[in-house]
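Participant: Handing you this structure, nothing more for now.
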Amino acid sequence: MEHLQRLGDLNIRAHTQLVLCPGINDGACIDRSIADLLALRPTVASISAVPVGLTKFNNMLKVGDLPALRPYRRDEAEAVVAQVTAWQKRIEAEIGEPFVYLSDEWYYLTERPFPRATHYRGYAQIENGVGMTRKLLDDWARLRRKLPASVPEETHITLVTATMAQGVMARIAADLNTVANLHVDLLPVTNGFFGPLVTVAGLLCGQDILDTLAPFHAAHPVAGQRLILLPRLVLDNSGQQFLDDLAVADVQQRAGQPVIFAQDVSEIVEMAHALARDGVRRVEG
């Protein structure tokens with residue numbers, strides 16, 4: 001709190017995050033944390049609440065003085081969502097905005113609908129996974145109408161995603177499959193490098209992608225061209241390598257098919273138009 005007050009004295013605004021751990025800093029701690037940070041407005045501009053992310057390297061048993069960590073159960077996640085939602089309604093009535101936001105994982109865990117775009121007030125916390133899914137859904141709803149009617153040659157695309165967003169990406173794959181001569185298979189990849197509890201696309205590694213592609217393509221041979229489409233966020237800032245240090249060129253060679261990357265859904269639509277104009281070779285370039 002003292003550090004945040006010091007930032008305020010320097011006219012620096014802070015977007016804060018609560019990493020919630022079941023049985024450790026949720027329950028009454030959520031109420032106290034939100035109240036404390038709310039009192040520091042406008043220095044504190046917003047709060048995001050995210051569930052603790054655990055890799056296979058986290059020991060979920062109690063070790064020494066360290067508390068045991070584990071993922072949220074659905075009933076526990078429901079309680080967190082209800083508690084934070086109550087705060088959102090109260091704060092919005094007072095200041096005109098929710099101020100505290102739930103990350104997308106809570107809506108996936110509880111299977112609740114994602115809030116509308118206006119709820120996120122400009123997506124200030126999108127890099128913390130707050131509103132990413134809503135923005136993707138809205139962007140795609142607008143852009144899907146711009147898909148070409150057909151592509152000139154039979155083209156198969158393996159659309160790679162992580163397990164958390166599988167349902168959302170299935171909608172995009174279904175729309176792409178309405179383009180004549182375009183056949184899209186959605187392929188969710190389980191994270192072996194960090195462990196299956198890590199379910200976001202940005203932490204997928206090259207070897208896990210290759211290990212999932214190989215048996216899938218062997219079991220689903222195709223006649224005609226095939227592309228592998230990956231989210232750009234699996235790469236480093238330079239766009240040269242994956243988190244496990246595999247280079248893009250190595251993955252391309254070992255996959256045996258052209259590998260392309262899309263920064264967002266607008267680039268997926270651009271890819272479809274490139275296929276419609278010039279075929280696979282143009283997209284490879």
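Participant: Of everything in segment 74-115 that's more than 17 Å from the chain's Cα centre (by Cα) and either at pLDDT below 95 or outside any helix (DSSP H, G or I) (or both), which residue is nearest to Ile24 (Cα to Cα)?
Facilitator: The extreme case among them is Val100.
Participant: Ok, one more. Kindly check whether there is at least one residue in segment 58-72 that is touching a residue at least 12 places away in the same chain (Cβ under 8 Å) and not in a loop (DSSP other than H, G, I, E, B).
Facilitator: no
Participant: Among what's in segment 106-123 and is hydrophobic (A, V, I, L, M, F, W, C) and touching a strand residue (DSSP E or B) at 6+ places or on another chain (Cβ under 8 Å), pick the residue that is most open to solvent (accessible area, probe 1.4 Å).
Facilitator: Leu109
Each row is one residue, and each column tells you yes or no for (1) open to solvent by less than 20 Å² (accessible area, probe 1.4 Å); (2) under 16 Å from His156 (Cβ atoms); (3) at pLDDT 95 or above.
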site: Leu204; (1), (2), (3): yes, no, yes
site: His217; (1), (2), (3): no, yes, no
site: Asp250; (1), (2), (3): no, no, no
site: Gln253; (1), (2), (3): no, no, no
site: Ala262; (1), (2), (3): yes, no, yes
site: Val265; (1), (2), (3): yes, no, yes
site: Arg282; (1), (2), (3): no, no, no
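Participant: Let me ask something additional. So, in segment 152-200, of the ones that are among the hydroxyl-bearing types (Ser, Thr, Tyr) and in contact with an Asp or Glu (Cβ under 9 Å, 6 or more places away or on another chain), which residue ends up most open to solvent (accessible area, probe 1.4 Å)? Steps first, answer last, please.
Facilitator: First pass over segment 152-200, keeping only residues among the hydroxyl-bearing types (Ser, Thr, Tyr): 155, 158, 161, 163, 178, 190, 199.
Restricting the remaining residues to those that are in contact with an Asp or Glu (Cβ under 9 Å, 6 or more places away or on another chain) gives 158, 190, 199.
On the way: Thr158: 1, Thr190: 81, Thr199: 40 Å².
Looking at the filtered set, the residue picked out is Thr190.
Participant: Can you find a residue that is open to solvent by 30 Å² or more (accessible area, probe 1.4 Å) and of a type in the set (Gly, Ala, Ser) anywhere in segment 129-140?
Facilitator: Taking every residue of segment 129-140 in turn, none turns out to be open to solvent by 30 Å² or more (accessible area, probe 1.4 Å) and of a type in the set (Gly, Ala, Ser).
To keep it simple, each residue is scored yes or no on (1) surrounded by 11 or more Cβ atoms within 10 Å (Cβ to Cβ); (2) among the hydroxyl-bearing types (Ser, Thr, Tyr); (3) part of a loop (DSSP other than H, G, I, E, B).
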site	(1), (2), (3)
Ile12	no, no, yes
Leu18	yes, no, no
Ser46	yes, yes, no
Ala49	yes, no, no
Leu54	yes, no, yes
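Participant: Does Asn58 fit the bill of being of a type outside the set (Val, Ile, Thr), open to solvent by 30 Å² or more (accessible area, probe 1.4 Å) and either in contact with a Lys or Arg (Cβ under 7 Å, 6 or more places away or on another chain) or modelled with pLDDT under 95 (or both)?
Facilitator: So Asn58 fits the description; yes.
Participant: Now a separate question. Six or more apart or on different chains, Cβ under 6 Å: which pairs go from a residue in segment 137-157 that's in contact (Cβ under 8 Å) with a residue 60 or more places away in the chain to one that's among the acidic types (Asp, Glu)? Could you list them?
Facilitator: The qualifying pairs are Arg144/Asp175.
Participant: Quick one: would you say Ile126 is among the aliphatic types (A, V, I, L, M), free of Cβ contacts under 8 Å to residues at least 40 places away in the same chain, within 19 Å of Arg232 (Cα to Cα) and surrounded by 15 or more Cβ atoms within 10 Å (Cβ to Cβ)?
Facilitator: It is true that Ile126 is among the aliphatic types (A, V, I, L, M), free of Cβ contacts under 8 Å to residues at least 40 places away in the same chain, within 19 Å of Arg232 (Cα to Cα) and surrounded by 15 or more Cβ atoms within 10 Å (Cβ to Cβ).
Participant: I'd like to verify a number: residues in segment 88-102 that are open to solvent by less than 30 Å² (accessible area, probe 1.4 Å) and on the phi < 0 side of the Ramachandran plot, how many?
Facilitator: Going through segment 88-102 one residue at a time, the tally reaches 6.
Participant: Does Ile209 satisfy the criteria of being within 22 Å of Glu153 (Cα to Cα) and crowded, with 17+ Cβ neighbours inside 10 Å?
Facilitator: Details: within 22 Å of Glu153 (Cα to Cα): no; crowded, with 17+ Cβ neighbours inside 10 Å: yes.
No: the conditions fail for Ile209.
The values are calculated or read from the model by the stated rules, or taken from the named source; none is laboratory data. Note that this is a predicted model, so its numbers are computed, not measured. Neighbour counts are summed over all protein chains in view; Cβ atoms, including those assigned to glycine, are modelled from backbone coordinates with ideal geometry. Calculation scope for accessible area: heavy atoms of the full protein, side chains included, ligands and nucleic acids excluded. Shrake-Rupley method; radii C 1.70, N 1.55, O 1.52, S 1.80 Å.
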